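Written out below as structure tokens is the structure these notes cover.
Where a number appears in this text, it was derived from the coordinates with a stated rule and is not lab data. As the structure is a computational prediction, the values presented were derived from the model and not from experiment. Quick reminder, even Gly has a Cβ in these numbers, built from the backbone with ideal geometry, and neighbours come from all protein chains shown.
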């Protein structure tokens, strides 16, 4: 493996993930959600939306054109879902200026709809990511004796 999580052989990925987003768990670990294609292990239906296992590649490696490694697979990342990047950057800049973690009421007081949307969407994604991960973990535990 090359530095940055990139794998040298371009044919060494198990599947391609497009329209992907990074999902962060409350403990700081990450997994990806996106549309899978070309699954060489034949686990997923072509074009299905999936969540990956935990990403073991560095966060900096999670960019279009890179092959990242998860606990179970290697994915070629293409066509990241970038629709929310601008409002998340705005939210991050605002959060960096806050003396303490803001509440929803603090965000509402700013009267900026983009800031509010990003705040709610990030919270929703974090909650959904946590729920998906807990569900996968519970399924694995049920299958194990």
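Brief remarks follow.
- Pairs of Cα atoms farther than 19 Å apart, the range 85-143, %: 41 percent
- Multiplying the residue separation of residue 111 and residue 46 by 0.36 nm and subtracting their alpha-carbon distance yields 19.1 nm.
- Percentage relative contact order, the range 3-77, counting C-alpha pairs under 8 Å, at least six apart: 34 percent
- Between helix 85-96 and the chain there is an angle of about 50 degrees, using the helix long axis and the longest principal axis of the Cα atoms.
- Theoretical ellipticity at 222 nm over the chain - DSSP helices of four or more residues, -39500 (n - 2.57) apiece, nearest 500: -11500 deg cm²/dmol
- Relative to the longest principal axis of the Cα atoms of the chain, the long axis of helix 113-143 makes an angle of roughly 40 degrees.
- Each principal axis of the Cα cloud of the range 3-77 was evaluated for its coordinate range; sorted largest first, these ranges are 31, 27, 19 Å.
- Residue order, fewest to most surrounding Cβ atoms within 10 angstrom, among 120, 50: 120, 50
- Relative contact order (%) - criterion: Cα under 8 Å, at least six apart; region: the chain: 22 percent
- In the chain, the alpha-carbon atoms span a convex hull of 137 Å³ per residue.
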